[in-house]
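Enquirer: Please read through the structure below; I'll follow up with questions.
The values are calculated or read from the model by the stated rules, or taken from the named source; none is laboratory data. The structure displayed is predicted, hence computed values, not measured ones. For neighbour counting, all protein chains shown are included, and Cβ atoms are generated from backbone atoms with ideal geometry for every residue, glycine included. Heavy atoms of the whole protein, side chains included, go into the accessibility calculation; ligands, DNA and RNA do not. Shrake-Rupley method; radii C 1.70, N 1.55, O 1.52, S 1.80 Å.
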Amino acid sequence: MKLRSNQHLSILLTVFCVFLMVVLMGCSSKRDQPKGTQNFAPGQPWLDSDSLHINAHGGGILYSNNTYYWFGEHKSEHTSSAQVGVNCYSSTDLYNWKHEGVALPVSDSVGSEIEAGCVMERPKVIYNAKTQKFVLYFHLELIGKGYDAARVGIAVSDNAIGPYTYLYSLRPNAGMWPQNMTEEQKNSNVTLDDFSDWWTDDWMQAVDNGLFIRRDFEGGQMSRDMTLFVDDDGKAYHIYSSEENLTLHIAELSDDYLNYTGKYIRVAPGGHNEAPAVFKKDGTYFMITSGCTGWDPNAARMFTAESIWGPWEQHSNPCVGEDADLTFHSQSTYILPVTGKDDAFIFMADRWNPKKPIDATYIWLPIEFEDELPVLKWKNQWDLSEFAETK
């Protein structure tokens, strides 16, 4: 009887220990879960709801059904080429983000335009109310061709988070002249063969006069760093770096957002702008861009216009304070209007890390206005109380 009692006691003790371990593990698991964030910390690692660094670089945000969707490039440990595809995250407060998965994955089919190892950059998604489709645009470079392809890729989905079906890629506006190009420029006989050296004064003048527009007229214009913008009337525009990254183009999209109307303009010919980000306030269009210095940061540029078709006027760097000449060590990607706030816009940028791309961080800053022009000031930490509630 004594032996049986000891055995019984031993069993009860074992069960109790197992129960205690389960409880302690559960408590530990709860402690390890990320606490809800209620502010922005520019430049610091930003974790999603799974405690993983948000991987949505060069991205943009869509607001739909009371939810923000952040689309961006999935960056890997050792390469910036596309190994996974376009990621999607969702949030209702802009602070805390849930990974919804890969909205547009790379293809495992050899020869596909979006084969793993291609370049998929600057993804942006807009919603078409007429077709009830979500439309994704991105800068595409074909595998093994460096940055020579300079194409835009287009995909579509019935749902914000995807999956998106890849449709095709193209160079925009083949066989079409810009609205703001003169007849003299169109009919010029000057070609690249007329120049033994690039970057001379004569060569730059030729660029200004449409040297690359004429070169690429039949096959379509180059399209690299890009964004999308939907105006108040539902018209959508593709804004992209073209002409060997020397000139920005603003091109009107068709009603279904899947192609072009052929109407487009050149902005700042020869200005060497990329990373465009566009917003509209009180009838004025604003565009913030960067120079072209590879992965290294430079001073932001800013343009304004009273019409999307220009003329666009360049202003001084909107950044002020320490490291303003480096855009706080970042590069623009998107400007986000904040729902429920008056004149509230967030400047979104990437702080690139070419040696370990996946560790690139994000710079989100509130846009202030001084003399009716945007101003960006560094903040180590901030929240949405910076903006006034909608009256």
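Enquirer: Can you name the number of the only condition in (1) farther than 14 Å from VAL156 by Cα; (2) in a strand (DSSP E or B) that PRO123 fails?
Expert: Of everything listed in (1) farther than 14 Å from VAL156 by Cα; (2) in a strand (DSSP E or B), PRO123 misses just condition (1).
Enquirer: A further question on this structure: Output the residues belonging to segment 196-225 that are surrounded by 15 or more Cβ atoms within 10 Å (Cβ to Cβ) and either aromatic (Phe, Trp, Tyr) or assigned to a loop (DSSP other than H, G, I, E, B) (or both).
Expert: So in segment 196-225, the residues surrounded by 15 or more Cβ atoms within 10 Å (Cβ to Cβ) come out as 203-204, 206-217, 220-225.
Selection gives TRP203, ASN209, GLY210, PHE212, ASP216, PHE217, GLY220, GLN221, MET222, SER223, ARG224, ASP225.
Enquirer: Count, please, the residues in segment 162-187 that happen to be open to solvent by 40 Å² or more (accessible area, probe 1.4 Å) and either under 28 Å from the mean Cα position of the chain (by Cα) or among the polar types (S, T, N, Q) (or both).
Expert: Residues flagged as open to solvent by 40 Å² or more (accessible area, probe 1.4 Å) and either under 28 Å from the mean Cα position of the chain (by Cα) or among the polar types (S, T, N, Q) (or both) within segment 162-187 amount to 13.
Enquirer: Still on this structure, I have one more. Cβ-Cβ under 9 Å, sequence separation 6+ or interchain: first residue in segment 251-271 and in a strand (DSSP E or B), partner hydroxyl-bearing (Ser, Thr, Tyr) and open to solvent by 40 Å² or more (accessible area, probe 1.4 Å). Which pairs?
Expert: From residues that are in a strand (DSSP E or B), the pairs are ALA251/THR261; GLU252/THR261; LEU253/THR261.
Enquirer: May I ask you to list the residues in segment 94-111 that are in contact (Cβ under 8 Å) with a residue 24 or more places away in the chain and outside any strand (DSSP E or B)?
Expert: Once the filter is applied, which keeps residues that are in contact (Cβ under 8 Å) with a residue 24 or more places away in the chain and outside any strand (DSSP E or B), segment 94-111 yields LEU94, TYR95, ASN96, TRP97, VAL106.
Enquirer: A further question follows. Taking into account only those residues within segment 332-363 that are aliphatic (A, V, I, L, M) and closer than 14 Å to GLU77 by Cβ, which is least open to solvent (accessible area, probe 1.4 Å)?
Expert: If we take residues in segment 332-363 being aliphatic (A, V, I, L, M) and closer than 14 Å to GLU77 by Cβ, then ALA360 is least open to solvent (accessible area, probe 1.4 Å).
Enquirer: Could you tell me which of the residues GLY117, GLY144 is modelled with pLDDT under 95 and either of a type in the set (Val, Ile, Thr) or part of a loop (DSSP other than H, G, I, E, B) (or both)?
Expert: GLY144
Enquirer: What single numbered condition from (1) in contact with a Lys or Arg (Cβ under 8 Å, 6 or more places away or on another chain); (2) more than 22 Å from SER241 (Cβ to Cβ); (3) surrounded by fewer than 17 Cβ atoms within 10 Å (Cβ to Cβ) fails to hold for PRO366?
Expert: (3)
Enquirer: Further question on the same structure: Out of the residues in segment 301-331 meeting the condition of being hydroxyl-bearing (Ser, Thr, Tyr) and open to solvent by less than 10 Å² (accessible area, probe 1.4 Å), tell me which one is nearest to the chain's Cα centre (by Cα).
Expert: Looking only at segment 301-331, we keep the residues that are hydroxyl-bearing (Ser, Thr, Tyr), and these are 304, 307, 316, 327, 330.
From the residues that got through so far, the ones that are open to solvent by less than 10 Å² (accessible area, probe 1.4 Å) too are 327, 330.
Working: THR327: 16, SER330: 13 Å.
The qualifying residue nearest to the chain's Cα centre (by Cα) is SER330.
Enquirer: Could you check how many residues of segment 251-269 are open to solvent by 20 Å² or more (accessible area, probe 1.4 Å) and either touching a helix residue (DSSP H, G or I) at 6+ places or on another chain (Cβ under 8 Å) or within 22 Å of GLU370 (Cβ to Cβ) (or both)?
Expert: 1
Enquirer: State the number of residues belonging to segment 275-285 that are surrounded by fewer than 21 Cβ atoms within 10 Å (Cβ to Cβ) and farther than 20 Å from ARG224 by Cα.
Expert: So the answer is 5.
Enquirer: Please name all residue pairs, on different chains or six or more residues apart, with Cβ atoms under 7 Å, provided the first residue is in segment 211-227 and is under 11 Å from VAL152 (Cβ atoms) and the second residue is open to solvent by 30 Å² or more (accessible area, probe 1.4 Å).
Expert: GLY220/LEU170; GLY220/ARG171; GLY220/ALA174; GLN221/ARG171; MET222/ARG171; MET222/GLU244; SER223/ARG151; SER223/ARG171
Enquirer: Sticking with this structure for a sec: Taking segment 272-291 only, how many residues are charged (D, E, K, R) and either in contact (Cβ under 8 Å) with a residue 60 or more places away in the chain or assigned to a loop (DSSP other than H, G, I, E, B) (or both)?
Expert: Qualifying residue count for the region: 2.
Enquirer: While we're here: Being surrounded by fewer than 18 Cβ atoms within 10 Å (Cβ to Cβ) and hydrophobic (A, V, I, L, M, F, W, C) is the filter here; which residues of segment 68-101 pass it?
Expert: VAL84
Enquirer: Quickly run through segment 312-323 and pick out the residues that are free of Cβ contacts under 8 Å to residues at least 24 places away in the same chain and farther than 16 Å from PHE369 by Cα.
Expert: Correct list: GLU313 only.
Enquirer: Okay, moving on. Would you say ASP325 is assigned to a strand (DSSP E or B), out of contact with any Leu (no Cβ under 8 Å at 6 or more places or on another chain) and modelled with pLDDT of 95 or more?
Expert: Working: assigned to a strand (DSSP E or B): no; out of contact with any Leu (no Cβ under 8 Å at 6 or more places or on another chain): yes; modelled with pLDDT of 95 or more: yes.
No: the conditions fail for ASP325.
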